[in-house]
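Undergrad: This is the structure I have questions about; it appears just below.
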Amino acid sequence: MNEPRTLLSIDRVSKSFGRVKAVEDISLDIRENEFFALLGPSGCGKTTLLRMLAGFEPPSDGRILLDGRDITRTPPNKRPVNLMFQSYALFPHMSVRANVSYGLEMERLPAKEIRSRVDAILTTTELVSFADRKPEQLSGGQRQRVALARALVKRPRLLLLDEPLGALDKKLRGAMQLELKRLQNEVGITFVIVTHDQEESLVMADRIAVLKDGRLLQCDAPRAVYEHPCDRFVADFIGVTNFLQGKATADGVLTSNGVKIAGKVPNMLSPGVATVAAVRPERIRLFPSPETANRVAGTVEALAYQGLDLQLHVRTPLSDKPFLVRVTADAVDRQPVSAGDQVELGWDAADVRIYAD
Amino acid sequence: MAPALAWLTALMVVPCALVLTLAFFRRGIYGGIEYTVTLENFGLVFDPLYARIFLKSAYIAGTATGIAVIIGYAAAYAIAAAPRRLQPVFLFFAVLPFWSNYLIRTYAWIVLLNREGLITQLLRWVGYTGEPPSMLYTEGAVIAGLVYNYLPFVILACYAPLSRLNPELGEASRDLGASSVTTFRRIILPLTVPGIAAGAVFVFVLSIGNFVTPALLGGGRFQMIGNLVYDQFLTVNDWPFGAALAIALIAVMLLVLMAQSQFADRAAGRTIEARGGADG
Ligand SMILES: Nc1ncnc2c1ncn2[C@@H]1O[C@H](COP(=O)(O)OP(=O)(O)O)[C@@H](O)[C@H]1O
Ligand SMILES: [Mg+2]
């Protein structure tokens, strides 16, 4: 298999606004035809990074390369990169068609070609019947599609999307996530999407970069980020996790109340330092076999029904917070549990992640 | 509602009705009014002598409006582009002249422009030795005075839509490949033109009827419609003709205002939308 080609290189890029360091020393390679997600809590510098890629903010430091060419100082209208704004920024005095044609008119293409390309993208985004409307006459979902069509019709090398689904309601969001993925496949354009919604990034992206306070914490495929978070913050931010505090030992963590958790301790954690063990709720079994490495007894406090799954809150001596356990509804049908029941929980040493606290 | 209506009747409708009726009478031989109904005052308004003064007034007001719009829009653009917290300060300075009396402001231009005035002294100071330039009592002086007096209206009228404009609209245009000039022409200007129209109408209407500025800065020979009306009432004592001129002037102003309101109605939709974008 040949190595995927790098389209965009972010090379040690930083950006400060006065004393605020919005982006600090980020390096990333984005591959051709990739669906790449920038994920992080609000204010972590996602928009700033995207605006630097689009050419609206000059980096304070570092370089941006597209196809190996340095575009760090190239103005936005000279970059084969388009940005879909968080506010959509549709031109209010122009019809949908005029909005979508605008970018091609700027390329001075023949009118006939503009028409056919605009017609094609309006068809793809199911906007044909709205072509003559003004943006104010459209719903949120329709505006979002106009913004997308307006950027896509330019056939950029790279499409940047700033929280494109943020303004939509939950149900529409789910549909649009899949729709965006389908579109990306169809047009064969590299997408970089910004989101603060970890679930969204897991669903859509080929790779995810997790940012915090302007720094890059981890960049990996969704599964790798979920299964092997690089630190406590990422483990907490992505999905749901049980944390158990204690001190490192040679082969696990000794919790403050003297229970041993078996797991692989990273080399950098010498025995005795404060550590935290993390276990995903779906890795925990009820009534484990006796040879299971980690076992603990507890009392079921509550059950939350979540479609296929049930989430149990189990009070254990391991921590003051209830343990979250995710079991399938089928499993509970076979072996009923209800609030107040005594249960035993168990999980394998391989499912424990250990981090510095 | 009722008190407002009463005030409007007392201050606007009644005087206008008086002026309108006056215009249909004849001037008495020794001044005064002869109460016979006639249309000849209106005929006289279209006499080439007076029609020319109308055209000249429109030309002066139009030129002043054009200059005020260009300067005012540029100033408003600069203020709207300044950091948010400085904008009220700049606006305050822009409207500061309003706090002084109109006459005093206009006299300041005499001090500036007269043959031995500040500008001449400045020229002398940098080494100019020739004839002092004659700037006062010219058409240019009148236009300068009008522009100066009404500029704050234009700045305020243009600042409103400019400050509400979502800056991402300009960025989106650049992102789609437009130069900054094209972005201004196709996005920013069309979305802020209602402000320009409002400011322009203000300057034009106030300028075309103005009589103080032409009298002070244009000199004795310089006449605009306002001076003509003034003279009919206070010098020549031909009140009916003065009234007819005044009615004609009001008609011109109303036409301009109606054209502007038509235009504003059509533009209203997009202004509202541009604001919505800024909030989102
Ligand atoms: N133009 C600006 N001037 C000053 N500070 C800014 C500016 N833009 C962003 N910041 C600051 O930079 C940080 C990152 O902002 P942003 O990139 O918008 O975060 P995100 O999109 O991840 O929510 C924030 O602390 C924000 O206040
Ligand atoms: Mg943001």
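Undergrad: Checking the condition out of contact with any Asp or Glu (no Cβ under 6 Å at 6 or more places or on another chain), within 14 Å of chain B (Cβ to nearest Cβ), in contact (Cβ under 8 Å) with a residue 12 or more places away in the chain and within 16 Å of ligand 2 (Cβ to nearest atom), which residue from A:39, A:53, A:49 passes?
TA: Working: A:39 fails: within 14 Å of chain B (Cβ to nearest Cβ); A:49 fails: within 14 Å of chain B (Cβ to nearest Cβ).
None of the others qualify; the one that does is A:53.
Undergrad: Just give me the residues in the stretch B:1-37 being open to solvent by less than 60 Å² (accessible area, probe 1.4 Å) and in a loop (DSSP other than H, G, I, E, B), in sequence order.
TA: Result: B:23, B:25, B:28, B:31, B:32, B:36.
Undergrad: Can you tell which of A:254, A:172, A:180 is in contact with a Leu (Cβ under 9 Å, 6 or more places away or on another chain), open to solvent by 40 Å² or more (accessible area, probe 1.4 Å) and either at pLDDT below 95 or not assigned by TED's automatic domain parsing to the domain that holds residue A:133 (or both)?
TA: A:172
Okay, residues lined up against (1) within 16 Å of ligand 2 (Cβ to nearest atom); (2) surrounded by fewer than 20 Cβ atoms within 10 Å (Cβ to Cβ):
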residue	(1), (2)
A:201	yes, no
A:217	no, yes
A:225	no, no
A:228	no, yes
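Undergrad: Right, something else. What is the one condition in (1) within 16 Å of ligand 1 (Cβ to nearest atom); (2) crowded, with 16+ Cβ neighbours inside 10 Å; (3) over 20 Å from the mean Cα position of the chain (by Cα); (4) more than 14 Å from every other protein chain (Cβ to nearest Cβ) that residue A:65 does not satisfy?
TA: Going through the list (1) within 16 Å of ligand 1 (Cβ to nearest atom); (2) crowded, with 16+ Cβ neighbours inside 10 Å; (3) over 20 Å from the mean Cα position of the chain (by Cα); (4) more than 14 Å from every other protein chain (Cβ to nearest Cβ), residue A:65 breaks only (1).
Undergrad: Turning to a different aspect of this structure: Say we look at the stretch A:68-79 and pick out the residues that are loosely packed, with under 14 Cβ neighbours inside 10 Å and not in a loop (DSSP other than H, G, I, E, B); which of these is farthest from the other protein chains (Cβ to nearest Cβ)?
TA: Going residue by residue through the stretch A:68-79, those that are loosely packed, with under 14 Cβ neighbours inside 10 Å are A:68-70, A:73, A:75, A:78.
Checking which are not in a loop (DSSP other than H, G, I, E, B) leaves us with A:69-70, A:78.
Working: A:69: 18, A:70: 20, A:78: 8 Å.
Looking at residues that are loosely packed, with under 14 Cβ neighbours inside 10 Å and not in a loop (DSSP other than H, G, I, E, B), I get A:70.
Undergrad: Further question: For the list (1) touching a Pro at 6+ places or on another chain (Cβ under 8 Å); (2) at pLDDT 95 or above, I need the number of the one condition that residue B:195 fails.
TA: So residue B:195 meets the others, but not (2).
Undergrad: Going by what's in this entry, would residue A:234 be described as outside any loop (DSSP other than H, G, I, E, B), in contact (Cβ under 8 Å) with a residue 24 or more places away in the chain and surrounded by fewer than 18 Cβ atoms within 10 Å (Cβ to Cβ)?
TA: no
Undergrad: Kindly provide the set of residues from the stretch A:128-144 that are within 11 Å of chain B (Cβ to nearest Cβ) and part of a loop (DSSP other than H, G, I, E, B), ordered by number.
TA: A:134, A:138
Undergrad: Scan the stretch B:156-194 residue by residue and report those that are more than 14 Å from chain A (Cβ to nearest Cβ) and open to solvent by less than 10 Å² (accessible area, probe 1.4 Å).
TA: B:158, the sole residue that qualifies.
Undergrad: Continuing with the same structure: For residue A:265, are the conditions met, namely being part of a loop (DSSP other than H, G, I, E, B) and either of a type in the set (A, V, I, L, M, F, W, C) or not assigned by TED's automatic domain parsing to the domain that holds residue A:338 (or both)?
TA: yes
Undergrad: Here is a further query. Which one of A:56, A:36 is assigned to a strand (DSSP E or B), of a type in the set (Phe, Trp, Tyr) and either at positive phi or within 16 Å of ligand 1 (Cβ to nearest atom) (or both)?
TA: A:36
The values are calculated or read from the model by the stated rules, or taken from the named source; none is laboratory data. All of these numbers come straight from a predicted model, not from anything done at the bench. Positions of Cβ are backbone-derived with ideal geometry, glycine not excepted, and every protein chain shown enters the neighbour counts. We work out accessible area using only protein heavy atoms, side chains counted, and drop any ligands, DNA or RNA first. Shrake-Rupley method; radii C 1.70, N 1.55, O 1.52, S 1.80 Å.
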